[in-house]
Amino acid sequence: MKAGTFFVRTWRILSILGLLFALFNSYISYPGEVAVRFDELNNPLQTVSREALFYLAVAIFLINNTLINAIARLFPRVPTAQIPVPNKVVWASHRSILNQVIINWFNALMAAINTILALGLIVLSFLNRSDRSIQAIDYAWLLPLSIAILIIVLVALPIRLLMKPGGDD
């Protein structure tokens, strides 16, 4: 197994375990009504029931993992001539490597979404604790980190497809 494949599989498994941990840990720590939007003085403007938040997070998890996994499993069946990749002639002769690169990318996309969802649940848990005051440091890192994770994953595929097929993916 190549290093890239090992990294992506490990990240995916850890993201699922982390999301499940964050989901149940957050559910236990949430009050009946979870504040999801605050004003400048940190007063809650909008709340959602913890059950609705829990089921929404579970739905996002199931849809994300089911749909992306289904697409990843169907990719090897797409005819090589219909795949829009750079250096199509080179990749056509290395179809098994191309399949692995694309499947790894889909797995990384699943792991990224799981990771961002888990981090969001953790931040929401921090914001709804009654024993702490709300501070920007508790959640200010979430948006830049989420954007960075998504950009890295989304840009990784085109960069990898521009490389030669024999490299470590």
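Regarding the stretch 82-169, what's the average projected area of the Cα-atom convex hull, expressed in nm²?
6.8
Say we join alpha carbon atoms closer than 10 Å with springs in a Gaussian network model of the chain; which of 18, 120, 32 then has the biggest fluctuation?
Sorting by GNM fluctuation, first place goes to 32.
How much accessible surface area, in Å² rounded to 10, belongs to the heavy atoms of residue 133 with a 1.4 Å probe?
Estimated to the nearest 10 Å², residue 133 gives 80 Å².
Give the shape of the stretch 36-108 as rounded, prolate or oblate, defined through the alpha-carbon gyration tensor: a ≥ b ≥ c are the square roots of its eigenvalues, a/c under 1.5 means rounded, and otherwise the shape is prolate if a/b is larger than b/c and oblate if not.
Note, shape of the stretch 36-108 comes out prolate.
Over the heavy atoms of residue 9, what accessible area does a 1.4 Å probe trace out, to the nearest 10 Å²?
The value for residue 9 is about 110 Å².
Quote the accessible area belonging to residue 66 in square angstrom, nearest 10, computed with a 1.4 Å probe and with ligands, DNA and RNA left uncounted.
Its heavy atoms expose roughly 90 Å² to the probe.
Please give the charge dipole size of the stretch 1-127, origin at the Cα centre, charges +1 on K and R Cβ atoms and -1 on D and E Cβ atoms. Round to the nearest 20 debye. Mind dumping the intermediate values first?
Working: 9 positive and 4 negative charges, 180 e Å.
That gives a dipole near 860 debye.
Label-point separation (nm) for residue 85 and residue 97, each offset 7 Å from Cα along Cα-to-Cβ?
Each label point lies 7 Å from its Cα, and together they span 0.9 nm.
Which order do you get for 41, 119 if you rank them by accessible area with a 1.4 Å probe, largest at the top?
41, 119
Going out from 0 in 5 Å bins, what whole percent of all Cα-Cα distances in the chain drops into each bin?
All Cα pairs considered, the percentages come to 1, 8, 15, 17, 16, 12, 9, 7, 6, 5, 3, 1, 0.
Between residue 24 and residue 151, what is 0.36 nm times their sequence separation minus the Cα-Cα distance? Round to one decimal in nm.
42.9 nm
Sorting 101, 58, 90 by accessible area (1.4 Å probe), largest first, what list results?
90, 58, 101
Based solely on its DSSP helices, what 222 nm [θ] is calculated for the chain when runs of n ≥ 4 H residues each add -39,500 (n - 2.57) and the sum is averaged over all residues, nearest 500 deg cm²/dmol?
-23000 deg cm²/dmol
Taking amide H atoms as placed 1.01 Å from N in the peptide plane, list the residues 5 or more away in sequence, or in a different chain, whose amide H sits under 5 Å from that of residue 47.
Amide H to amide H, under 5 Å and 5 or more residues apart or across chains, residue 47 pairs with 36.
Which Cα, out of 75, 32, 46, lies furthest along the positive dipole direction of the stretch 1-121 (beta carbon charges, K/R +1, D/E -1)?
75
Largest first, what is the accessible-area ranking of 50, 73, 160 with a 1.4 Å probe?
73, 50, 160
The values are calculated or read from the model by the stated rules, or taken from the named source; none is laboratory data. Computed from a predicted structure; not experimentally measured. FYI the Cβ positions are ideal-geometry reconstructions off the backbone, even for glycines, and counts take in every protein chain you see. To get the accessible areas, we keep the full protein, side chains included, count just its heavy atoms, and leave off ligands, DNA and RNA. Shrake-Rupley method; radii C 1.70, N 1.55, O 1.52, S 1.80 Å.
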